[in-house]
Amino acid sequence: MTQRVSQSVVREARRHRDAFAHASPFQHTVIDDFFEADFAERLLTDFPVFNPALAKNEIYGGVWGKAVNTKIRQISPAYEEMYELMGSQEFLGLLSGISGIPDLLPDPALYGGGTHENLHGQDLDPHVDFNYDEAQKLHRRLNLIVYLNKGWKAEWGGSLEIHSNPRRPAENVVHAYEPLFNRAVMFETNEYSWHGFPKIELPQEERHRSRKSISIYLYTRERPAPEIAPPHGTFYVNRPLHPRFRAGYTLTAEDEKDLLFQVDRRDKWIEKYQQMELDRGYELQRKHAYIAEILSRVRAPITGNALQTGTSQGLYADGWVACQAGFTVKPLTPVTTVTLRGWRPGRAEITARVNGEVATVTVDSDSFDLLVTPEQPLGEEFRVEIECTPPVASTGDDRALGFVFIEVRIT
């Protein structure tokens, strides 16, 4: 890390670790002079020009005021060094030491990370980041954001805000950190690590500026069990109305415009989340249909001069049979008996129906033979229907299982 991360950060790692561990409402710390001065200057000098092609809005589409460049290796030699740094064991070990999170891993694709540039008028609603990288099977654990803004003033907005709970505005506690040059903010990512920044409002003469930062997201293969939640995307919460909107206040034309925009943005997020729900529902439906199709192809263990035709119900590839099951048999020669052979753990009553004929057997943790004899030999296709009560008492398997099939003997 020579001439990249400041030696003061290394020397003060224990102090930063203590600050991180005791911060509220979730673990975080602020580290000034994060990079060595020369390296920070190079990163600022080489910071890429705002690219409209990288500034598509997530809910409205079109070009907005936030550009994200994940391909930092292509920017300049300084950013090539930056990329190599974030994947080095020395750097990851330093961040593990400060955060207390062992075995941190980088994301080679920098999904969502890289250089971030925000123009006048841009904001970022409080949000909790996505928690799991499905492609790499990694848990998202740590955000490191390094700011590159010289002479930035707090009244211009854009300060990183850490929220206790933006869903409860009356109770929400906010800590704000100005995006100053070479300042790093590092925080854990979990189900309550709410963060964002208020609208950037630059004076007319300062609008050549932009809010610049480098975002690094780190992962682990494992995560403490109490912290694990189902995989999800990023959750946003719209900001509450400005305090000026209270009884007796007279709306201006600008106020009306602002309110309409806030309502529209809220509606757009609702629409987006509803579409995500529909997409997930469709995917679940598709998977269920696929599983049902696969199960319908499972064959009964038939022996004798007969074949199974069509689809089956309640037969599983591992040999188990559901409490209600059925399959169709096509005899090659007339059938006089159908014998079901199986094994059942625990006491049960098993019934078979073949062309109107019914037979039942009671079994108690043993193998069984259940014989069905039709009144007349069966020369055409017939259905075998099976019922078993009660289901097998088991743990770790949510199927209603009746018994294990050994053989369907056709004679």
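The values are calculated or read from the model by the stated rules, or taken from the named source; none is laboratory data. The shown structure was predicted, so the numbers you read here are calculated from the model rather than taken from an experiment. Using ideal geometry, Cβ is built from the backbone for each residue, glycine included, and neighbour counts are taken over all protein chains shown.
Key figures for this structure:
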quantity	calculated
Residues within region 372-384 that are within 20 Å of Gly314 (Cα to Cα) and surrounded by fewer than 16 Cβ atoms within 10 Å (Cβ to Cβ), tallied	2
Residues of region 35-62 classified as assigned to a loop (DSSP other than H, G, I, E, B) and under 20 Å from His208 (Cα atoms), total	7
Of the criteria (1) in contact with a helix residue (DSSP H, G or I) (Cβ under 6 Å, 6 or more places away or on another chain); (2) charged (D, E, K, R); (3) surrounded by fewer than 19 Cβ atoms within 10 Å (Cβ to Cβ), which one Arg4 fails	(3)
Residue among Pro226, Pro179 that alone is of a type outside the set (A, V, I, L, M, F, W, C), assigned to a helix (DSSP H, G or I) and under 30 Å from Phe91 (Cα atoms)	Pro226
Matching residues in region 252-263 - criterion: being surrounded by 12 or more Cβ atoms within 10 Å (Cβ to Cβ) and more than 14 Å from Tyr236 (Cα to Cα)	Asp255, Asp258, Leu259
Residues located in region 130-158, provided they are more than 15 Å from Leu180 (Cβ to Cβ), in a strand (DSSP E or B) and among the aliphatic types (A, V, I, L, M)	Leu138, Leu142, Leu144
Selection count, region 84-115, where residues are more than 22 Å from the chain's Cα centre (by Cα) and touching a residue at least 24 places away in the same chain (Cβ under 8 Å)	13
Breaking point among (1) modelled with pLDDT under 95; (2) more than 30 Å from Val173 (Cβ to Cβ); (3) buried (at least 18 other Cβ atoms within 10 Å of the Cβ), for Gly65	(2)
Per-region count, region 230-276, residues assigned to a helix (DSSP H, G or I) and closer than 19 Å to His195 by Cα	4
Region 218-230 residues that are within 24 Å of Pro108 (Cα to Cα), paired with ones that are surrounded by 10 or more Cβ atoms within 10 Å (Cβ to Cβ) and of a type in the set (Val, Ile, Thr) (beta carbon under 7 Å, 6 or more apart)	Thr220/Ile101
